[in-house]
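Written out below as C-alpha cells is the structure these notes cover.
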Amino acid sequence: MGDVEIARSTKLEKIQNIAESIGVTEDDLELYGKYKAKINLNIMKKLKDKKNGKLVLVTAINPTPLGEGKTTIAIGLADGLKKIGEKPVLALREPSLRTCIWNKRRSNRWRIFTNSSNGRY
Amino acid sequence: MEDINLHFTGDIHAITSANNLLSAMIDNHIYFGNSLGFERVTWKRCIDLNDRQLRKVETGLSNEKNIVPREDGFDISVASEIMAIFCLATDIKDLKRRIGNIIVGYTKKNKPITARDLKADGALTVLLKDAINPNLVQTLEKVPAIVHGGPFANIAHGCNSIIATKLALKLGDYVITEAGFGADLGAEKFLDIKCRKAEIKPDAVVCVATIKALKYHGGMPKDEIKNESIEYLERGFHNLLKHVDNLKNKFGLNVIVAINKYTHDTENEIEFLRNKLKEEEIELSLVESWEKGGDGATDLARKVVELTKKDSKLNYMYDLNENIKEKINDVATKVYGAEGVEFTEEAEEQIRRIEELGYGNLPVCIAKTQYSLSDDQKNLECFDPFKIHVKEIILKSGAEFVVAITGKIMTMPGLPRVPAAENIDLREDENIIGIF
C-alpha cells in the first residue's frame, strides 16, 4: 500500500475536532473542506498570557541520497508524545506543488496526512 | 494527503501572485516614464513549478511603443523573497513593513529602489492577508499539525513561519518543528536567524541519522550499504559527532540522537553507536515510527520529555553587530569546522556596498551545498582542513538577511527525464494515482 492509500484508508477526524483538542473553537477557524482549516491569527490576542509549550527542533546529519527521515521522525515523535499522554502540536513547512511532479527516489510509508519531503529543499 | 501536496489552502499561489504583482508594477512604472529611474531591475518573477526553461527570459518583446524589452528570470515560488518574508514576519504589520523594504532594482547612481517606492506594499500585503493565517491539518494518529510556509534552506532559512511556531507554542505542551537539510544549514539558520528574530529557543534538539547514511558518509559504496561495517560507520560517525558537538557545546542546547531504524541495521552497529555517543554524554533512541507509527517512537518521546526539563541556553554563533565578513567567518569556522573563508573580489565589493547602505547588521544566510560540511559536495568526510569560498553576496532587505553564495545554487530547478507527472492521473472513480 502506498502513502496515499494509507492516508485514504485512515479515518480522519473532522478538523474542528482536532482544533478543539487544542482549544481552538470554530470562531477562530476558517474551514477549507472537512480536513483542513486556517486558524485566524486574532486568536493570538486571546492566548497572549498563556504559557508557551516546550519547543523541540528536529534536525539531521548532512543529507545523503539514501534519505535520513527528518520529517518521518518529527511526525513519529509527535505521535509518540501523544501515545505517552502528552499534548503535542507539529509545526512544519508546507510543500511546494513542484514536489509532486518531482521524481521520488523511493516510496516512503508516511504516517501523516501531509507531504513527503524527498527531493525537497 | 494529495490536498496538501497539490494546492492545499493556496498559500503558495498567494505568494506567487504577490511576487508577480510586484514585477508587473515595476514594468508598468517603467512603461509610464520610469520616474524612479530604474537602471537595473533585480526583482525576478516566480512560478511554483520546476521549469528550467524560465531561468532566464526576455520580456517586453511585443515591439509596442514604450514597452522596454529587458532580461528577466523566474525563480521557483518557494525561493521568492516573499516566501522568506512570509516566514520571518512576526505579524501582518511586520509583513507589510518588510515587503515595503524589498529592494527591487537600482538607479543609475546605484541607489536602491524599494517596493515602498513603487507603493506596492499595501496591495501585496492584501494578497497575503489570508495566507498568513496558519493551516491546521492532522497526522494519521490525529495529532494537530500546523503546516505553514516553506522557504528554501540554502538562499533562505528553511523553516516554517514564525507565526505558525508561535501559535503552536500557545496551543501545545510540546511543539515539534524541523529545519531544512542538515544541522549545519537548517539548524544554524533556525537558531541564528529564526529563533533570534522570534525570541524563542528550543528546549531540546533531536538530531536524526540512519546507520546506512552514516556508512555512506564514511565512504561505503551505495550498493554495499546494507552490509554490516563498523569500519565505515566509525568513519561516517565523524559527521554526526560534528553536528551533535555544535548543537550541544557551541549552541548550548539539549541534544538527543534519533536513529531512524532500518531492518538491515545490525545489533553490533547499534551498540557501536550507542557507546560512541555515551562517550559524548549523548543519549540515543532507536525510532521505528516509519513502520509502527507513534508506537515506534515512545522511547524517543519519553527521552525528549526528560531532556526538555534540563536547563539549556542558546548561544548565537555571531553577534549582529559584527561586520558581514566576521559573521560569515564565525559560522564557517564554528559550525562547518572550516579553517577560514575566502571571498572573491566581487563578494568583497558587494559586502562593502551593503554595509555602506546600512545593512551590515543583518544576520547572514549561507547558501552552501547540503551534502557536506564544506562547500564541496563530494567531500563527505571532511577529514582534511578546508576553506569556505564565498562567491557572491545578495542583500535580502525585506527578509532582513544577507545571503552568502558559496557555489552554484539553483533557484529554479528542472524536471528529471521521467517526471512523476507522467504517472499522475485521475482514475474513473476520481481517485488520484501517481502522487506519493
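The values are calculated or read from the model by the stated rules, or taken from the named source; none is laboratory data. Note that this is a predicted model, so its numbers are computed, not measured. As a convention, Cβ positions derive from the backbone with ideal geometry for all residues, glycine included, and neighbour counts pool all protein chains shown. With ligands, DNA and RNA removed, areas are computed over all heavy atoms of the protein, side chains included. Shrake-Rupley method; radii C 1.70, N 1.55, O 1.52, S 1.80 Å.
Between A:Asn42 and B:His7, what is the label-point separation in nm under the 7 Å Cα-to-beta-carbon projection?
The answer from the label model is 2.6 nm.
How large is the Rg to Rh ratio of segment B:136-232 when both quantities use alpha carbon positions and Rh follows Kirkwood?
Value, to two decimals: 1.08.
Per residue, how much accessible area does chain B show when a 1.4 Å probe rolls over the protein heavy atoms, in square angstrom?
Result: 41 Å² per residue.
Round to a whole number: what % of the accessible area of segment B:351-397 belongs to carbon and sulfur, probe 1.4 Å?
Details: 1020 of 2180 Å².
Carbon and sulfur atoms account for 47 percent of the accessible area of segment B:351-397.
Quick one: which residues, 5 or more positions from B:Thr139 or on another chain, have an amide H under 5 Å from its amide H? H modelled 1.01 Å from N in the peptide plane, none for Pro or chain starts.
For B:Thr139, the qualifying residues are A:Phe113, B:Ala145.
Rounded to the nearest 100 Å², what's the accessible area chains B and A bury against each other, both chains counted, probe 1.4 Å?
What B and A bury together is about 10700 Å².
Could you work out the relative contact order of segment B:202-313, using alpha carbon pairs under 8 angstrom and six or more residues apart, expressed as a whole percent?
31
Counting only other chains, what is the mean number of Cβ atoms within 10 angstrom of the Cβ of each residue in peptide A:17-26?
Rounded to a whole number, the mean comes out at 4.
When only alpha-carbon atoms are used, what values of Rg and Dmax, in angstrom, describe segment B:202-313?
14.0, 43
What are the residues whose amide H is under 5 Å from the amide H of A:Leu55, where those residues sit 5 or more places off or on another chain and H is modelled from the backbone?
Counting only residues 5 or more places away or on other chains, the set is B:Val175, B:Asp203, B:Ala204.
Could you give each residue of segment A:11-20 its phi-based ³J(HN,Hα) in whole Hz, using Karplus coefficients 6.51, -1.76, 1.60 with θ = phi - 60°, and x for Gly or Pro?
Karplus-based 3J(HN,Hα) across segment A:11-20 equals 7, 8, 7, 4, 5, 4, 5, 4, 4, 4 Hz.
Indicate, rounded to the nearest 5 percent, the antiparallel portion of the DSSP beta bridges found entirely in the protein assembly as shown.
40
Along its three principal axes, how long is the protein assembly as shown when you only count alpha carbons? Whole Å, largest extent first please.
Between the extreme Cα coordinates on each principal axis of the protein assembly as shown lie 73, 56, 52 Å.
What full-extension length gain, to one decimal in nm, is calculated for B:Ile433 and B:Thr333 as 0.36 nm per residue of separation minus the Cα-Cα distance?
Here the segment from B:Ile433 to B:Thr333 would lengthen by 31.3 nm.
How would you order A:18-25, B:276-283 from highest to lowest mean count of nearby Cβ atoms within 10 Å?
Final packing ranking: A:18-25, B:276-283.
Of B:His389, B:His29, which has the most accessible area with a 1.4 Å probe, and how do the rest follow in descending order? All intermediate terms of the calculation are to be shown ahead of the outcome.
Details: B:His389 75, B:His29 35 Å².
Per-residue accessible area, sorted high to low, gives B:His389, B:His29.
Within the set of other residues whose C-beta is less than 11 Å from the C-beta of B:Lys396, count the net charge using Lys and Arg as +1 and Asp and Glu as -1.
-1
Provide the net charge surrounding B:Leu171, with neighbours chosen by a C-beta distance below 12 Å and charges set as Lys +1, Arg +1, Asp -1, Glu -1.
Counting the neighbours of B:Leu171, the net charge comes to +3.
Please give the residues of segment B:388-409, grouped as numeric ranges, whose backbone N is less than 18 Å from a label point set 7 Å along the Cα-to-Cβ vector of B:Glu345.
B:390-393
Once you've got the Cα coordinates, tell me which of A:Lys87/B:Lys189; B:Lys313/B:Lys408; B:Lys194/B:Lys292 are over 29 Å apart.
B:Lys313/B:Lys408; B:Lys194/B:Lys292
Report, in deg cm²/dmol and to the nearest 500, the calculated mean residue ellipticity at 222 nm for the protein assembly as shown, where each DSSP H run with n ≥ 4 adds -39500 (n - 2.57) and the sum is divided by the residue count. Please report the intermediate quantities before stating the final value.
Working: 18 runs with 168 residues, N = 557.
Calculated at 222 nm, the ellipticity per residue is -8500 deg cm²/dmol.
For peptide B:410-423, compute the average count of partner chain beta-carbon atoms within 10 Å of each residue's beta-carbon.
Values: counts 1, 1, 1, 5, 0, 4, 4, 1, 1, 4, 7, 4, 2, 3.
For this peptide, the per-residue mean of nearby foreign Cβ atoms is 3.
When DSSP assigns beta bridges and you keep just the ones with both residues in chain B, what percent turn out antiparallel, to the nearest 5?
On the way: 20 of 41 bridges.
Around 50 percent antiparallel, to the nearest 5.
Looking only at other chains, what is the average number of their beta-carbon atoms within 10 angstrom of each beta-carbon in B:128-135?
Numbers: counts 0, 1, 3, 1, 2, 10, 8, 9.
Mean inter-chain Cβ contacts per residue within 10 Å come to 4.
In a shell of Cβ-Cβ distance under 10 Å around B:Leu273, excluding B:Leu273 itself, what net charge do Lys and Arg (+1) and Asp and Glu (-1) give?
Cβ neighbours under 10 Å give a net charge of -1.
Heavy-atom accessible area of B:Phe181 with all protein chains present, probe 1.4 Å, nearest 10 Å²?
20
How do B:Leu426, B:Leu127, B:Leu118 rank by accessible surface area computed with a 1.4 Å probe, from largest to smallest?
Reading off the accessible areas and sorting them downward yields B:Leu426, B:Leu127, B:Leu118.
With θ set to phi - 60°, apply the Karplus curve 6.51 cos²θ - 1.76 cosθ + 1.60 along segment B:290-299 and write out the HN-Hα couplings as whole Hz, x wherever there is a Gly or Pro.
Working through the residues one at a time gives 4, 9, 10, x, x, 4, x, 10, 5, 4 Hz.
What are the ³J(HN,Hα) values, in whole Hz, obtained from phi via the Karplus relation 6.51 cos²θ - 1.76 cosθ + 1.60 with θ = phi - 60°, for each residue of segment B:106-111 in sequence order, with x given for Gly and Pro?
9, 7, 4, 8, 6, 8
Given H placed on each backbone N at 1.01 Å, which residues far from B:Phe401 in sequence or on other chains put an amide H within less than 5 Å of it?
Result for B:Phe401 returns B:Lys396.
For segment B:86-202, calculate the relative contact order in percent as a whole number, restricting contacts to Cα pairs under 8 Å that are 6 or more residues apart.
The normalised contact order for segment B:86-202 reaches 22 percent.
Based on DSSP, what percent of beta bridges with both residues in segment B:20-114 are antiparallel, to the nearest 5?
75
For B:Lys387 and B:Glu291 in the same chain, what is the full-extension length gain: residue separation times 0.36 nm, less their Cα-Cα distance, in nm?
Values: separation 96, 0.36 × 96 = 34.56 nm, distance 4.10 nm.
Length difference between fully extended and current span is 30.5 nm.
Would you kindly find the accessible area of B:Ser397, with a 1.4 Å probe and non-protein molecules such as ligands, DNA and RNA excluded, rounding to the nearest 10 Å²?
Accessible area of B:Ser397: about 0 Å².
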